[in-house]
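The values are calculated or read from the model by the stated rules, or taken from the named source; none is laboratory data. Note that the coordinates shown come from a computational prediction; the quantities given were computed from them, not determined experimentally. Backbone-built Cβ (ideal geometry, glycine too); neighbour counts: all protein chains shown. For the accessible areas, the whole protein counts, side chains as well, though only heavy atoms, and no ligand, DNA or RNA atoms are used. Shrake-Rupley method; radii C 1.70, N 1.55, O 1.52, S 1.80 Å.
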Amino acid sequence: MRTILTVDDSTSMRQMVRATLQSAGYGVVEAADGQEALDFARTTKVDLVISDVNMPRMDGIKLVSELRALPNYRLTPLLLLTTESSQEKKLEGKRAGATGWIVKPFNPSQLINTLNRLFTTP
Amino acid sequence: MSRSATLPLPPLLELTASQLEVALQSASSQVERLSNSVAAFAKLGAEMSAHPDTAIAAQGARVTAEAQRAMFAMQFQDQLSQRMQHVRDALGDMHDALAAPTPPSSAVLLAAIRARYTMEDERRLFDIVLGHLPGAPSANADSDHEAARGSVELF
């Protein structure tokens, strides 16, 4: 089973992402901010990360650049899921090494299709 | 005598920010309960969908679809919560500015308030209301974010 790390400071958002992913057969682990996610990733490899951008302690863009510096996460898909829709922020995410940008509210079936696509694309 | 000396502005700002905070906390716990229930329905739908009985599996697919629609709709609460947090924080910034022995300039204060925004339509509304952009406040403020909602862009 593929495992996905979801990172969001909103408990209800994490619950909804978790429910969506589990209904599609993915395993899910959660973190409430970028720092917690990074601490987890330093010891555990997951198959994909979905992170919010604006969070306390460490934001999602910083998390992406920190994860890209870890040997285990150089090629791991890293998606940012956020209310931010500005091109400037998107570009910041892309430069940090994000794989993609999803604007909230996410459509559950579209999210699953995106993940399935990422996992089947070589 | 200044206006702030006659009107109790700092405590009023603090009161309003506190009321928003209480409303946010109260809504948050209820939304967490609701999202927990929706997540349970989604799980049930997924389990039913995998059932060998095709009638049960079809029913499961319907439960899953309904749960997904509910999950999409519930995310607007997350946005509402973020907007309210930004309003609360702006009130806090104004309170601190009024209470400071050396208040910041209005440009510094406004820049700090604008920097807290996380949605394009919040920034746009701010710019329209404060005269940096043409247009009526309610005319176009939501259109950009509305168009971007749910969009997926792979780099």
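Who wins for biggest fluctuation among A:67, A:111, A:81 in a Gaussian network model of chain A, springs between alpha carbons below 10 Å?
A:111
Report, ordered by chain and residue number, the lysines lying within cross-link reach of residue A:94, taken as a straight Cα distance under 27 Å and ignoring same-chain residues fewer than 8 apart.
A:45, A:62, A:104
So with the 1.4 Å probe, I'd like the accessible area per residue for the stretch A:14-122, rounded to whole Å².
Values: 4560 Å² over 109 residues.
With the other protein chains kept in place, the stretch A:14-122 gives 42 Å² per residue.
Using just the alpha carbons, could you tell me how many Å³ per residue the convex hull of the protein assembly as shown encloses? Before the final figure, lay out each step's value.
Values: hull volume 42.3 nm³, N = 277.
With only Cα atoms used, the protein assembly as shown gives 153 Å³ per residue.
What is the diffusion coefficient of chain A in µm²/s, taking the Kirkwood radius over Cα pairs and the Stokes-Einstein relation at 37 °C with a viscosity of 0.692 mPa s? Present the calculation step by step, with values, prior to reporting the outcome.
On the way: Rh = 14.1 Å.
Here the translational diffusion coefficient equals 233 µm²/s.
Counting only other chains, and only Cβ atoms inside 10 Å, what mean value do you get across the residues of B:75-85? Spell out each step's value before the answer.
Details: counts 11, 2, 4, 9, 3, 0, 3, 4, 1, 0, 0.
Taking all residues of B:75-85 together, the mean is 3.
In Å², nearest 100, what accessible area do chains B and A bury in total when the solvent probe is 1.4 Å? Could you put the intermediate results ahead of the total?
Values: alone 10640 and 6480 Å², together 14240 Å².
Buried surface at the B/A interface: approximately 2900 Å².
Send over a whole-number figure in Å² for the accessible area per residue of chain B, probe 1.4 Å. Walk me through the numbers before you get to the answer.
Values: 9180 Å² over 155 residues.
I get 59 Å² per residue for this part.
Distance between Cα centroids, the stretch A:32-69 to the stretch B:79-107: provide it in whole Å.
Here the two parts' Cα centres lie 29 Å apart.
Could you tell me which trypsin sites (Lys or Arg not before Pro) in the stretch A:41-122 are loop residues by DSSP with no more than 10 other beta carbons within 10 angstrom of their beta carbon? Mind dumping the intermediate values first?
Numbers: sites: A:42, A:45, A:57, A:62, A:68, A:74, A:89, A:90, A:94, A:95, A:117; in loops: A:45, A:57, A:74.
Sites meeting the loop and neighbour criteria: A:74.
Among all the aspartates and glutamates, which ones have a C-alpha under 13 Å from residue B:43's C-alpha, if same-chain residues fewer than 8 places away are not counted?
Answer for residue B:43, where 13 Å is the Cα cut-off: B:66, listed by chain and number.
Using a 1.4 Å probe over the heavy atoms of the protein chains, calculate the carbon and sulfur portion of the accessible area of the protein assembly as shown as a whole percent.
Details: 8040 of 14240 Å².
After summing per-atom areas, the C and S share lands at 56 percent.
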